[in-house]
Amino acid sequence: MHKDGRCRGEAIPPGSAKLKVVGFAGAAGDITALADGLGSTALDFTTLGLAIGQWVKVGGSAAGTTFAALISAGTKARAAAYAKITAIAASKLTLDNLPSSWATDTGAGKTIWVFFGDQIKNGITKNSLTIEKGFLAQPVPSYIVNNGMCANTFSIDMTSGDKIKGSVAFTGMGGGIDTVTLDAVPDPVTTGVVMAANANVGRLGVNQVQLGSPNWAKGFTVQINNNLRSRDAVDSDAPVDIADGECTVTGKLTTYFGSMTEVQAFYNGTPRAINSRVTKNGQTLIFQIPRAVYRGGGNPQATAKNTDVMADFDYQASQDAATNAHILLDRFEYVE
């Protein structure tokens, strides 16, 4: 899809080419900005495959594809015009976590664009994969194969002044080494680029509000543990099965201690909805813990003279009734 809204032909598409839906657009003047979401007359929001808890990004780069209030708020505000779906009806898409520059608008004469992505969340379907590593610099390359690999733990670390770091640990069902590959065509070298906390984290929000003055966010971590366990048998030299465990989601939120808000939530055991958005090169990831409770920390302190008073909160997620999830991840493959 070209920026003018028309499809453009390609004589010889590359082998890796794909066609993917990345959003929707209304007819001219059809999509309106309501106080709590989006409205429409002709477009039926229930036909778009959207889900409760999914995020959308409102508006494209062209002035005719976004609302006037977002244009007036400036480039940065337009880039941050994301919101979360809380209800879906034919003529209304109810949203929360709306941007601070949001205002009602009839969208007169405008063809409003709304982007959405793919979403995954913790569930009960077990997925496994085979991982092969080839050592191609050897005279006769060796290939190490790991079978039945299931992701057991995952972590992400967003700390101010540092790169965003992530790791995944797998539990598998054996493997081996050979000079014959399972795949004669290796995967291409990844083209992803490094993302940094200060440059690419566009939002860290708690209970529908971006953390800002006086409790700016300093860091945010997520740890997922699927608590998988290998089952072995006396007559097998490799595990015969991988059993499911409980999905445990924990992490830490670090803020400046500017007011009592988050400490009071810790004292009261008040659930918090936490989300963090990362964007780079027209792609976005949104990590969401819809129901987290602070279980540790909550003791603001300064580490030395002439330093800021900081507050750490160790949280644990529990199942959210609206999304039936502990953690969700939205991936926008393309936004403007």
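Observations on the structure shown:
- Single residue of K133, K126 found to be over 20 Å from V209 (Cβ atoms), assigned to a strand (DSSP E or B) and at pLDDT below 95: K133
- Given (1) in a helix (DSSP H, G or I); (2) within 21 Å of Q288 (Cβ to Cβ), number of the condition G64 does not satisfy: (2)
- Within the stretch 123-142, the set of residues being among the aromatic types (F, W, Y) and under 28 Å from T248 (Cα atoms) is empty.
- Residue selected from the stretch 223-252 under the condition under 30 Å from N200 (Cβ atoms) and of a type in the set (S, T, Y), by the criterion surrounded by the fewest Cβ atoms within 10 Å (Cβ to Cβ): T248
- Contacts under 8 angstrom Cβ, first residue in the stretch 221-240 being without any contact (Cβ under 8 Å) to a residue 12 or more places away in the chain and over 24 Å from I286 (Cα atoms), partner open to solvent by 50 Å² or more (accessible area, probe 1.4 Å) and assigned to a loop (DSSP other than H, G, I, E, B), 6 or more apart: D232/V240; A233/V240
- For the stretch 266-282, the set of residues classified as free of Cβ contacts under 8 Å to residues at least 40 places away in the same chain and either buried (at least 18 other Cβ atoms within 10 Å of the Cβ) or hydroxyl-bearing (S, T, Y) (or both) consists of Y267, T270, listed by residue number.
- Tally of residues being among the aliphatic types (A, V, I, L, M) and touching an Asp or Glu at 6+ places or on another chain (Cβ under 8 Å) across the stretch 239-272: 2
- Scanning the stretch 293-306 turns up one or more residues that are closer than 30 Å to R229 by Cα and either open to solvent by 50 Å² or more (accessible area, probe 1.4 Å) or β-branched (V, I, T) (or both).
- For the stretch 160-222, the strands (runs of 3 or more DSSP E) that sit wholly inside it and include 2 or more residues that are small (G, A, S) and surrounded by 14 or more Cβ atoms within 10 Å (Cβ to Cβ) are 201-206.
- Residue, farthest from T47 (Cα to Cα), within the stretch 74-101, restricted to residues that are open to solvent by less than 40 Å² (accessible area, probe 1.4 Å) and in a loop (DSSP other than H, G, I, E, B): G74
- Filter result for I156 (in contact (Cβ under 8 Å) with a residue 60 or more places away in the chain, among the hydrophobic types (A, V, I, L, M, F, W, C) and touching a Gly at 6+ places or on another chain (Cβ under 7 Å)): yes
- Scanning the stretch 159-177 for residues that are within 22 Å of V240 (Cβ to Cβ) and in contact (Cβ under 8 Å) with a residue 24 or more places away in the chain yields F170, T171, G172, M173, G174, G175, G176, I177.
- Positions within the stretch 103-123 being under 30 Å from Q319 (Cα atoms) and part of a loop (DSSP other than H, G, I, E, B), in sequence order: G117, N122, G123
- Test: residue in the stretch 243-255 that is modelled with pLDDT under 95 and part of a strand (DSSP E or B): yes
- With respect to the stated conditions, S16 fails to be open to solvent by 30 Å² or more (accessible area, probe 1.4 Å), over 30 Å from T190 (Cα atoms) and of a type in the set (G, A, S).
- When the stretch 307-331 is limited to residues that are out of contact with any Leu (no Cβ under 6 Å at 6 or more places or on another chain) and over 19 Å from T250 (Cα atoms), the one that is least open to solvent (accessible area, probe 1.4 Å) turns out to be M310.
- Single residue of the stretch 49-73 satisfying the filter (hydroxyl-bearing (S, T, Y) and open to solvent by 60 Å² or more (accessible area, probe 1.4 Å)) that is nearest to I286 (Cα to Cα): S61
- For the stretch 109-159, the tally of residues that are on the phi > 0 side of the Ramachandran plot and open to solvent by less than 50 Å² (accessible area, probe 1.4 Å) stands at 1.
The values are calculated or read from the model by the stated rules, or taken from the named source; none is laboratory data. Model, not experiment: these values are computed from the prediction. Note: ideal-geometry Cβ built from the backbone for every residue, glycine included; neighbour counts use all protein chains shown. Calculation scope for accessible area: heavy atoms of the full protein, side chains included, ligands and nucleic acids excluded. Shrake-Rupley method; radii C 1.70, N 1.55, O 1.52, S 1.80 Å.
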